[in-house]
Amino acid sequence: MIETIIRYIIIVIVLGVIGEVISHLSSKTTDENISTTHYRVKAPSVLKYACMSQFILGLVMFLVFSCFYLKGNETVEMGHLYVSSIFGAIGLYGVAWASIWGVQVDDSQLEIHRIFHTKKVLCITDIGQVIIDKKEAIILYDKMGKKLIKIDALSDNYDHLLNLLKSQNIEISNKYLK
């Protein structure tokens, strides 16, 4: 029983270190005078902070439940520890996703970064179709019709990418335009 608790505490500490490393690597300062040719379209900053809050809350819940469990409180069971660690792990996954996901734009070249996928580099002319859905998200397709990425309207630098696509005379169809 004590060995299990110690193992979970070690897992929580490792997850905390991973969270801090991800946070440190992705906390680069951004220039307010962003270039219109070199920028990164990324997940909204608030999403990353919400996921970090979920991770920290899961960590705190795990530590509190561990203290009660070790003191022999009969109302706290291993299920509490499982749920709190899973809750924190989901938050940590969200932080990792928000830190990695995005589209790096350099002139007419796009680098698409997604979690658990290799980086995809393509030229702006390789985009075959652009669809704007009912929530104003941009969906990019290649010339073969394969979906490349969906970019939410709340993403940072969304408007810069939309302006670039319009300036390159790429056909943009709005599925829900009346």
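What the table below lists for this structure:
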| quantity | calculated |
| --- | --- |
| The stretch 102-174: relative contact order as a whole-number percent, Cα under 8 Å and 6+ apart | 23 percent |
| Most mobile of Ser155, Ser35, Ser108 in a GNM of the chain (Cα contacts under 10 Å) | Ser35 |
| CD proxy at 222 nm, helix term only [per DSSP H run n ≥ 4: -39500 (n - 2.57); per residue of the chain; nearest 500] | -16500 deg cm²/dmol |
| Degrees separating the helix 78-100 axis from the principal Cα axis of the chain, which is the longest one | 30 degrees |
| When the stretch 102-174 is reduced to its Cα atoms, the Kirkwood hydrodynamic radius in Å | 12.4 Å |
| Vicinal HN-Hα couplings computed from phi for the stretch 150-157 (Karplus, 6.51 cos²θ - 1.76 cosθ + 1.60; Hz; Gly/Pro x) | 10, 10, 5, 5, 8, 5, 5, 6 |
| Point-to-point label distance, Val83-Val60, nm (Cα→Cβ direction, 7 Å offset) | 1.8 nm |
| Rg followed by Dmax, in Å, when the chain is reduced to its Cα trace | 21.1, 68 |
| Lysines whose Cα lies under 25 Å from that of Lys175, excluding same-chain neighbours fewer than 8 positions away | Lys42, Lys134, Lys135, Lys143, Lys146, Lys147, Lys150, Lys166 |
| Packing-based exposure ordering (other Cβ within 10 Å, fewest first) of Cys51, Cys123 | Cys123, Cys51 |
| Neighbour cut-off at most 10 other Cβ (10 Å), DSSP loop, trypsin sites (Lys or Arg not before Pro), the stretch 29-89 | Lys71 |
| Within the chain, longest stretch clear of exposed GluC sites (Glu not before Pro) (DSSP loop, no more than 15 other Cβ within 10 Å) | 78-135 |
| In sequence order, calculated HN-Hα J values of the stretch 9-15 (Karplus, 6.51, -1.76, 1.60; Hz; x Gly/Pro) | 5, 5, 4, 5, 5, 4, 4 |
| Taking Asp159, Asp152 and counting other C-beta atoms within 10 Å, the order from fewest to most | Asp159, Asp152 |
| Whichever aspartates and glutamates have a C-alpha closer than 19 Å to that of Lys120, once near sequence neighbours (fewer than 8 apart) are set aside | Asp106, Asp107, Glu111, Asp142, Asp152 |
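A short reminder: the numbers here are calculations on the coordinates, not readings from a lab. Given the structure is predicted, the values throughout are model-derived calculations rather than measurements. A quick note on method: Cβ atoms are made from the backbone with ideal geometry, for glycine too, and the neighbour counts reach across all protein chains shown.
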